[in-house]
1. Considering the chain as a Gaussian network with a 10 Å cut-off on Cα pairs, which listed residue, 51, 31, 84, attains the greatest mean-square fluctuation?
2. With a 10 Å cut-off between alpha carbons and a GNM built on the chain, which of 58, 45, 16 moves the most?
3. Roughly speaking, what is the centre-to-centre gap between segment 69-97 and segment 9-36 when only Cα atoms are used, to the nearest Å?
4. Of the candidates 88, 53, 96, which one comes out as most mobile in a Gaussian network treatment of the chain with C-alpha springs shorter than 10 Å?
5. Considering every Cα-Cα pair within the chain, what fraction, in whole percent, is farther apart than 22 Å?
6. In whole angstrom, how long is each semi-axis of the equivalent ellipsoid of segment 14-67, when you take the square root of 5 times every eigenvalue of its Cα gyration tensor and sort them from largest down?
């Protein structure tokens, strides 16, 4: 097995591929707003979109972290645990949670 890069580890940890669903629901809400009110403020919508995606990634990362802690504390072996599978350090995982959560502040 090849050694995963930092980008591959990050994508696996935060499950970046699942943000498409969040983005689609957000864009659907934006389209509804535009057609219902005949007005849409992109100056507020774009920062909110970026903040929502960052928060979504932070929540996914936190879920992976707590799942790993539960498996580690129960001495279970899981083939599906991302942190164990990609050999991601817990300090790096906590750093990613904080970085993604606080990366977009106004």
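Readers should treat all values here as calculations from the given coordinates under stated rules, not as data from a laboratory. Since we're looking at a predicted model, the values are computed, not measured.
1. 31
2. 45
3. 26 Å
4. Of the options given, 88 has the highest mean-square fluctuation.
5. Percentage above 22 Å: 43.
6. One finds semi-axes of 27, 11, 7 Å for segment 14-67.
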